Every structure is written in structure tokens, then in C-alpha cells.
Amino acid sequence: MSVKVEVTQKHIDNGIPCDPLFCPISLALNEQLKSTDKKSWIVSVNFAVLLNKPKSMRDSESNCTQYSLPKIAKRFIKNFDNKLEVKPITFELKVKRFW
């Protein structure tokens with residue numbers, strides 16, 4: 001199964017280079033997850049997507065899953081982290097199941 005990820009100019013403008021929690025791709029995924037599941041998610045992106053869903057706000061245990069990013073997304077991150085110009089992108093993220 002795959003999920004379409006749309007990184008907009010807003011995500012780019014609000015992103016922070018070299019910060020996996022505030023990468024534009026992370027911001028886009030967080031936005032998408034909140035629209036499908038009101039529970040808390042932690043998304044970290046650094047050449048792979050790490051999804052962490054705590055069982056509860058008081059529980060330290062979590063459900064953590066890692067997914068590989070396609071080349072276009074890895075190139076986007078490299079350019080963004082090196083403070084090069086990037087443009088909005090859309091890509092498919094292959095996942096085992098939809099959150």
C-alpha cells in the first residue's frame with residue numbers, strides 16, 4: 001500500500017533545516033496524520049520516516065514504525081538541509097498499512 005505525501009510551500013516555509021521533527025516532509029506527514037487520526041503522532045524524517053504513536057499521553061510505550069523514503073524525497077531533504085532552493089513535491093510513501 002502507498003500513501004500520497006504532498007509537501008507544500010507552507011511546509012517548506014515552516015521547516016527547519018537539519019531538524020528531523022521539523023523537516024517539511026515531517027510537517028506534511030503530521031498534517032496528514034492529524035486529519036485521519038486525532039491521536040498523538042510523532043513523525044521524524046531523516047532519509048527514512050519514523051512514525052511513533054504513543055499508546056497514551058502518560059504511557060512511555062509506543063508503536064514505532066520506520067519506512068524508507070523514495071529518492072525524490074531523499075534528494076529534497078539533502079537540498080533543504082543544505083539550504084538550497086526546494087520546491088513543493090508530491091511522492092508516494094510505501095507503507096504496510098495506513099495509519
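The packing ranking of peptides 4-13, 78-87, highest mean first, is 4-13, 78-87, where packing means the average number of other beta carbon atoms within 10 angstrom of each residue.
Please give the contour-minus-distance gain from residue 82 to residue 64: 0.36 nm per residue of separation, less the Cα-Cα distance, rounded to one decimal in nm. Display every interim value, and only then the final one.
Working: separation 18, 0.36 × 18 = 6.48 nm, distance 2.80 nm.
Extra length available between residue 82 and residue 64 comes to 3.7 nm.
Rounded to the nearest whole Hz, the Karplus-based 3J(HN,Hα) values (6.51 cos²θ - 1.76 cosθ + 1.60, θ = phi - 60°) of region 16-27 follow the sequence 10, x, 6, 10, x, 7, 10, 5, x, 5, 4, 4, with x at glycine and proline. Between residue 6 and residue 21, the simple label model (points 7 Å from Cα in the Cβ direction) yields a spacing of 2.7 nm.
Partner lysines whose Cα lies under 16 Å from the Cα of residue 34, excluding those fewer than 8 positions away in the same chain, are identified as 4, 53, 55. Once backbone amide H atoms are built at 1.01 Å from N, residue 21 has 45 as its partners under 5 Å, excluding neighbours fewer than 5 places away on the same chain.
Bear in mind that the values in this text are calculations on the coordinates, not laboratory data. Values in this document were obtained by computation on a predicted structure and should not be read as measured data. Heads up, the Cβs are rebuilt from the backbone with ideal geometry, glycines too, and the neighbour counts pull from every protein chain shown.
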